[in-house]
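These notes are about the structure you will find just below.
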């Protein structure tokens, strides 16, 4: 794997950011885009544009084919059984909202319980909270251990006879813990519980195999996996997507509309109301091809080495405290520095061209549990190098100088 | 202005050892401010006497050096002022931190202006302006006894 060559495929790294070479360590927030993806958006709008799935003219048919090609690519990429199990959404947030909303319409009843974890991003808590308000369901939290992991045993402990849904992250965007989704799913299914997975951080970093994981739903954020913004994917087992009611109503999702009755489209159109993020879907095919050209196993190996290197580097830095120490970890290095607030860290690092995120990373429950209001987070993508992490560490030392810490 | 100049002694000093941190005894006005983007929060307590003079003022909360320093300097300057003077200082500060080159208020002594001007460098870091203004907006809410959420700069 030639990392220099891979990095050159991302035009942003040719830019000077405030006169610095960019050290981009914010990919868990959103990844940069390779040229093939940017070019495809341009090409589609320039030479191929039409809406999809409606008109019969040449451009419409060609655009529809491109759009559906991405669906097939995604199906293969995540090893879903059926192409119709892939639903495009405006983001992973919408994907989880879709699941919570449609399960909430009929399937879930008052008193039913949803089990999530303390690691969850707000987008895998707030949609369930809506049901707490509207349907009076209860939300339980599986707790983290001292290493920032949620174990299978903890999940098992929190399951009650009323648990109907377990909704969990695949990979924590703060501690980096990779949850044993396959084992959790097996356990859940033995008790008739639906499993929803927030795959926002899992999808860019891990090999995905829906048939092997066997979860019922899996939400993906395309802009975190070298794809365009405004696009997410919901994988849902066919039996659920067929059984559950529609989410949004509008054009494209109907079969027949009469004054007194309406019937809905078959999958996947049933869940794709209105004009979709067409250019983004079509360009996302290039993101998948890009990842496949590197090989997802190579991506995993490379990033895992990077994270290990970064972890050792930061552990040696006397004032840095890493958040979480999961055995199975990916993607992110979250930390605090005694005496410097994460926002101050991020501003000082930014001056050196090192882009990280500071804040609660949409995980207030987790930060409250850790007894901090915010943390700093460096996250890696396929374009990062050990040199980037050295620069991160040097810049952290610069923070210490500015704050007169030793 | 570089970062070293922004994080000068006075900001670091106030950030590390904020003045008036804690809960004022027998306060009669207070408000909570919260920055939903970063989770930082501040609670401002005021003790206003019959002549509407700020007899005591304090704050609780957690945040970055800039927000803590800003709250600390603010409480130092507002103590002893009457409500109208305080509101004029607030307006002057918010104007300065966003666009005005300097402070105009006649209710501030030169050395008080110098202290406040330490925060002017924040202007160059637009994402950080809200760190500097959160406690000031919260103080306005405390004066006005507003229940609703304190706004922050966008």
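The label-point distance for residue B:127 and residue A:243, in a model that sets each label 7 Å from Cα toward Cβ, rounds to 4.4 nm. Stretching the chain fully between residue A:275 and residue A:136 yields a gain of 46.7 nm (0.36 nm per residue, less the alpha carbon separation). For chain A, modelled as a GNM with alpha-carbon contacts under 10 angstrom, which of A:347, A:93, A:46 fluctuates the most? Most flexible of the set in this elastic network: A:46.
Going by average Cβ neighbours within 10 Å, how do the peptides B:65-71, A:385-391, A:362-368 rank, with the highest at the top? List each step's numbers first, then the result.
Details: B:65-71: 28.1, A:385-391: 17.0, A:362-368: 20.1.
For the peptides B:65-71, A:385-391, A:362-368, the packing ranking is B:65-71, A:362-368, A:385-391.
Helices in chain A, meaning DSSP H runs of at least 4 residues, each add -39500 (n - 2.57). Divided by all residues, the mean residue ellipticity at 222 nm is -11500 deg cm²/dmol.
Give the peptides A:177-184, A:49-56 in descending order of average Cβ contacts within 10 Å, highest first. Before the final figure, lay out each step's value.
Details: A:177-184: 21.2, A:49-56: 15.1.
Top to bottom by mean Cβ count within 10 Å: A:177-184, A:49-56.
Each part gets one Cα centre, and for the stretch A:89-107 versus the stretch B:62-94 those centres are 45 Å apart.
Taking every DSSP helix (H) stretch of at least 4 residues in chain B, weighting each as -39,500 (n - 2.57) and dividing the sum by the residue count yields a mean residue ellipticity at 222 nm of -13000 deg cm²/dmol. Highest mobility in the GNM of chain A, judged by mean-square fluctuation with C-alpha springs under 10 Å and restricted to A:40, A:338, A:90, is found for A:338. Taking the stretch A:339-363 and a reference point 7 angstrom along Cα→Cβ of residue A:371, the backbone N atoms nearer than 16 Å belong to A:339. Histogrammed with a bin width of 10 Å, the alpha carbon distances of the stretch A:38-292 distribute as 7, 31, 35, 19, 7, 1 percent, first bin at zero. Residues A:276, B:74, arranged from fewest to most other Cβ atoms within 10 angstrom of their Cβ, appear as A:276, B:74. What separates the Cα centres of the stretch B:1-39 and the stretch A:239-310 is a distance of 45 Å.
Taking Cα atoms, how many degrees apart are the long axis of helix A:386-402 and the longest axis of chain A, rounded to 10 and kept between 0 and 90? Between helix and principal axis, roughly 60 degrees. Helix A:92-102: angle to the longest alpha-carbon principal axis of chain A, degrees 0 to 90, nearest 10? Helix A:92-102 sits roughly 40 degrees off the main axis of chain A.
Neighbour counts of other C-beta atoms within 10 Å: give me B:75, B:24 arranged from fewest to most.
Listing B:75, B:24 from fewest to most nearby Cβ atoms yields B:24, B:75.
Within the protein assembly as shown, what percent of beta bridges assigned by DSSP are antiparallel, to the nearest 5? The antiparallel fraction comes to roughly 70 percent. Counting only alpha carbon atoms, the long axis of helix A:181-190 and the longest principal axis of chain A meet at about 40°. Our Cα-only numbers for the stretch A:1-119 put the radius of gyration and Dmax at 20.1, 57 Å.
Among rounded, prolate and oblate, which fits the stretch A:172-309 when a ≥ b ≥ c are the square roots of the eigenvalues of its C-alpha gyration tensor, a/c under 1.5 means rounded, and a/b larger than b/c means prolate? The shape class here is oblate.
Read the figures in this text as sums done on the coordinates, not as results from a lab. Small disclaimer: the values here were computed from a predicted structure and weren't measured. When we count neighbours, we look across all protein chains shown, and the Cβ atoms used for this are built from the backbone with ideal geometry, even at glycine.
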